[in-house]
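Enquirer: Once you've had a glance at the structure underneath, I'll fire off some questions.
The values are calculated or read from the model by the stated rules, or taken from the named source; none is laboratory data. Treat the numbers as computed from the prediction; the structure is a model and nothing was measured. We place every Cβ from the backbone using ideal geometry, glycine too, and count neighbours over all the protein chains shown. For the accessible areas, the whole protein counts, side chains as well, though only heavy atoms, and no ligand, DNA or RNA atoms are used. Shrake-Rupley method; radii C 1.70, N 1.55, O 1.52, S 1.80 Å.
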Amino acid sequence: MPKHTFLILLLPLSAFILAQSQTLSFTAQLIHTDSPASPFFNASQTTLHRLTNALQRSSDRVNRVKNLLSNAVKAFQSPLVYYNGDYLMRVTIGTTEILLNVALGSDITWVPCLNGACSQSCNGRIFDPTQSSTFKTLACDAFRCQMTTGASCSFPDCVFSCSSGSQGDTTCPSGVLSTDIFTLTTSSDQNQQPIRLPDTAFVCGNGVGYEYPGVGSVGLGHGSLSLLSRIYHLIDGKFSYCLVPYTSDQPSRMNFGLKGVVSGGGVVSLPLKPVASRYILQLNGVEVGGGVKLEYDYTFPFQSSTSLFIDPGIMFTHLPDSMYSQLEQQVRTAVRMEPVQSDNTQRLSLCYRYTPDFNPPLITMQFVNGIVELGTGNSFIRTSEDTICLAFAPSSGGEAVYGSWQQMNFLVGYDLENGSISFKGTDCTQYQ
């Protein structure tokens with residue numbers, strides 16, 4: 001009987017739900033940090049330069065995931081606040097519109113609050129509580145303070161900190177537990193009204209983000225301070241996203257509620273199974289060009305299985321070293337060309353000289369109960385005019401990730417009520 005690989009989703013059910021009568025169904029825009037619409041876009045940089053930086057960020061995030069899960073006890077006891085990502089969402093807090101990272105793997109929503117330490121370059125990415133008449137801090141005896149992991153009393157305020165966990169100060173934000181009105185900016189090309197969410201809890205902090213100074217995060221994990229917990233019952237536990245290709249100037253889209261349902265022809269729906277507070281997806285192997293399946297057995301702290309986090313905040317799929325080596329060897333056999341020494345980014349292992357007649361092999365992800373067939377654009381990446389590389393990477397620490405590159409031009413839907421995830425090949429530049 002073949003061994004099974006497991007894919008972990010950091011998107012568990014809500015542990016804390018605020019009562020509200022209406023049902024929401026809407027679409028929001030996601031702005032890639034490297035796109036011209038992003039405040040981090042540097043027009044003086046070349047595409048290669050931006051790509052090199054993105055690969056470095058992705059590698060750093062994989063290492064932080066490894067550190068987070070290196071101790072299973074700490075992972076269970078500490079809140080998940082791994083919040084850096086490549087996609088930004090516009091959120092209005094009180095009357096201030098700011099950009100926040102969309103963090104599927106974060107249990108909290110953390111917002112950088114004005115403390116005089118940020119320069120004017122942080123305008124539009126930082127919140128000033130004194131300018132909001134609806135802003136409130138939570139007291140030590142507040143219910144949300146009592147039930148939030150990582151919260152403690154610093155009289156009279158309830159404060160949040162996870163410095164005792166496995167993450168360092170740069171990746172673990174702190175601050176005062178607070179509430180305010182959150183207004184979600186919906187997609188501008190649809191006739192939608194902004195979504196107003198009173199009494200939304202978040203951490204109002206005075207630190208800065210690890211990669212993007214002054215940028216906080218919108219958590220979509222299960223914790224009491226995540227945005228998902230705030231709206232879970234309003235969207236029936238359903239959301240999806242459609243990520244445009246990296247070089248596209250168009251925004252990606254994230255859907256909630258009925259708009260988040262993935263249906264129709266070509267949908268591959270796979271079961272989600274809970275492991276502790278997370279969800280896993282079984283992966284039997286990877287197939288290259290209709291060849292032999294690659295199967296791998298790796299012991300993960302929670303159970304005997306390999307774990308792939310599905311995370312759009314990490315660029316490429318990282319596989320455990322042994323499994324990646326098998327994949328690379330199968331690609332070498334299928335391509336039948338002499339690889340070049342390395343790509344210009346120095347981040348990808350298997351690259352070829354690109355010509356218009358380059359014919360890469362088909363790669364499919366062999367999940368239990370379904371197969372996801374990757375397009376050429378998901379499996380390979382052109383790092384220069386004459387170089388194309390396999391868009392997978394080894395994960396030296398053993399932790400593995402299903403990254404955004406393999407999810408681009410797929411409509412990816414999460415149905416947490418029914419415990420399923422769906423993939424549908426889609427031209428996300430045309431998706432409405």
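Enquirer: Could you grab me the full set of residues in the range 367-413 that are of a type in the set (G, A, S) and either touching a strand residue (DSSP E or B) at 6+ places or on another chain (Cβ under 6 Å) or under 16 Å from V340 (Cα atoms) (or both)? So that I can check it myself, show each step before the final result.
Expert: Let us first name the residues in the range 367-413 that are of a type in the set (G, A, S), namely 370, 375, 377, 379, 384, 391, 393, 395-398, 400, 403-404, 413.
Once the filter is applied, which keeps residues that are of a type in the set (G, A, S) and either touching a strand residue (DSSP E or B) at 6+ places or on another chain (Cβ under 6 Å) or under 16 Å from V340 (Cα atoms) (or both), the range 367-413 yields G370, S379, S384, A391, A393, S395, G398, A400, G403, G413.
Enquirer: Restricting to the range 39-61, and then to whatever is under 30 Å from Q192 (Cα atoms) and surrounded by fewer than 17 Cβ atoms within 10 Å (Cβ to Cβ), can you tell me which residue is modelled with the lowest pLDDT? Write out each step before concluding.
Expert: Step one: filter the range 39-61 for residues under 30 Å from Q192 (Cα atoms), giving 39-41.
If we keep only those that are surrounded by fewer than 17 Cβ atoms within 10 Å (Cβ to Cβ) too, we end up with 39, 41.
Numbers: P39: 81, F41: 84.
Among those that are under 30 Å from Q192 (Cα atoms) and surrounded by fewer than 17 Cβ atoms within 10 Å (Cβ to Cβ), it is P39.
Enquirer: Ok, one more. Looking at the range 233-285 only, could you name the residues that are open to solvent by 30 Å² or more (accessible area, probe 1.4 Å), over 30 Å from A54 (Cβ atoms) and modelled with pLDDT of 90 or more?
Expert: Hits for the range 233-285 are H233, D236, L258, V261, S263, G264, G265, S269.
Enquirer: In addition: How about the range 295-325: which of its residues are over 30 Å from D357 (Cα atoms), modelled with pLDDT of 70 or more and polar (S, T, N, Q)?
Expert: S322
Enquirer: Same structure, new question: Take I371 and decide whether it is of a type in the set (A, V, I, L, M, F, W, C), under 14 Å from V268 (Cβ atoms), open to solvent by 60 Å² or more (accessible area, probe 1.4 Å) and touching a residue at least 40 places away in the same chain (Cβ under 8 Å). Reasoning before the result, please.
Expert: Values: of a type in the set (A, V, I, L, M, F, W, C): yes; under 14 Å from V268 (Cβ atoms): yes; open to solvent by 60 Å² or more (accessible area, probe 1.4 Å): yes; touching a residue at least 40 places away in the same chain (Cβ under 8 Å): yes.
Criteria met by I371.
Enquirer: Turning to a different aspect of this structure: I'd like the residue in the range 171-186 that is outside any strand (DSSP E or B) and touching a Gly at 6+ places or on another chain (Cβ under 7 Å) and, out of all such residues, is modelled with the highest pLDDT. If you could, list the steps in order and put the result at the bottom.
Expert: Here is the first cut: in the range 171-186, the residues outside any strand (DSSP E or B) are 171-174, 185.
Filter again for touching a Gly at 6+ places or on another chain (Cβ under 7 Å), leaving 172-174.
On the way: C172: 59, P173: 67, S174: 79.
Among them, the one singled out is S174.
Enquirer: Would you pick out the residues in the range 359-387 that are of a type in the set (F, W, Y) and at pLDDT below 90?
Expert: To start, the set of residues in the range 359-387 that are of a type in the set (F, W, Y) comprises 367, 380.
Result: F367, single match.
Enquirer: Take the range 1-34 and flag every residue that is out of contact with any strand residue (DSSP E or B) (no Cβ under 9 Å at 6 or more places or on another chain) and either modelled with pLDDT of 50 or more or open to solvent by less than 60 Å² (accessible area, probe 1.4 Å) (or both). Talk me through it step by step, then tell me what you get.
Expert: Of all residues in the range 1-34, those out of contact with any strand residue (DSSP E or B) (no Cβ under 9 Å at 6 or more places or on another chain) come to 1, 14-15, 17, 19, 21-23, 34.
S14, Q22, T23, D34, listed by residue number.
Enquirer: Then there's this: What single numbered condition from (1) modelled with pLDDT under 90; (2) open to solvent by less than 10 Å² (accessible area, probe 1.4 Å) fails to hold for V91?
Expert: (1)
Enquirer: Also, quick follow-up: Before we move on, is E373 within 30 Å of L220 (Cα to Cα), of a type in the set (D, E) and outside any loop (DSSP other than H, G, I, E, B)? Talk me through it step by step, then tell me what you get.
Expert: Numbers: within 30 Å of L220 (Cα to Cα): yes; of a type in the set (D, E): yes; outside any loop (DSSP other than H, G, I, E, B): yes.
In short, yes.
Enquirer: Same structure again: Can you find, within the range 187-232, the residue that is farthest from T92 (Cα to Cα) among those that are surrounded by fewer than 18 Cβ atoms within 10 Å (Cβ to Cβ), at pLDDT 80 or above and in contact with a Ser or Thr (Cβ under 6 Å, 6 or more places away or on another chain)?
Expert: Residue satisfying both the conditions and the ranking: D199.
Enquirer: If a residue counts only when it is small (G, A, S) and touching a residue at least 60 places away in the same chain (Cβ under 8 Å), which strands (runs of 3 or more DSSP E) contained entirely in the range 377-432 have at least 2 such residues?
Expert: Values: elements: 380-384, 387-390, 392-395, 400-402, 410-415, 420-425.
The strands (runs of 3 or more DSSP E) meeting that bar are 392-395, 420-425.
Enquirer: Could you list all residues from the range 326-347 that are modelled with pLDDT of 80 or more, surrounded by 15 or more Cβ atoms within 10 Å (Cβ to Cβ) and either of a type in the set (S, T, Y) or in contact with a Lys or Arg (Cβ under 9 Å, 6 or more places away or on another chain) (or both)?
Expert: From the range 326-347, those modelled with pLDDT of 80 or more are 326-340; that's our starting set.
The next check asks that each one be surrounded by 15 or more Cβ atoms within 10 Å (Cβ to Cβ); those that pass are 326-328, 330-332, 334-335, 339-340.
Of everything in the range 326-347, those that are modelled with pLDDT of 80 or more, surrounded by 15 or more Cβ atoms within 10 Å (Cβ to Cβ) and either of a type in the set (S, T, Y) or in contact with a Lys or Arg (Cβ under 9 Å, 6 or more places away or on another chain) (or both) turn out to be P339, V340.
Enquirer: If you don't mind, there's one more thing I want to ask. If you take the residues of the range 94-116 that are in a loop (DSSP other than H, G, I, E, B) and surrounded by fewer than 21 Cβ atoms within 10 Å (Cβ to Cβ), which of them is modelled with the highest pLDDT?
Expert: Start the filter on the range 94-116 by keeping residues that are in a loop (DSSP other than H, G, I, E, B), which leaves 94-95, 104-105, 107, 109, 114-116.
Subsequent filtering for residues that are surrounded by fewer than 21 Cβ atoms within 10 Å (Cβ to Cβ) retains 94-95, 114-116.
On the way: G94: 94, T95: 91, L114: 75, N115: 61, G116: 51.
Going through the qualifying residues, I end up with G94.
Enquirer: A follow-up question, please. Does the range 117-129 include one or more residues that are open to solvent by 30 Å² or more (accessible area, probe 1.4 Å), acidic (D, E) and at pLDDT 90 or above?
Expert: No, because not a single residue in the range 117-129 is open to solvent by 30 Å² or more (accessible area, probe 1.4 Å), acidic (D, E) and at pLDDT 90 or above.
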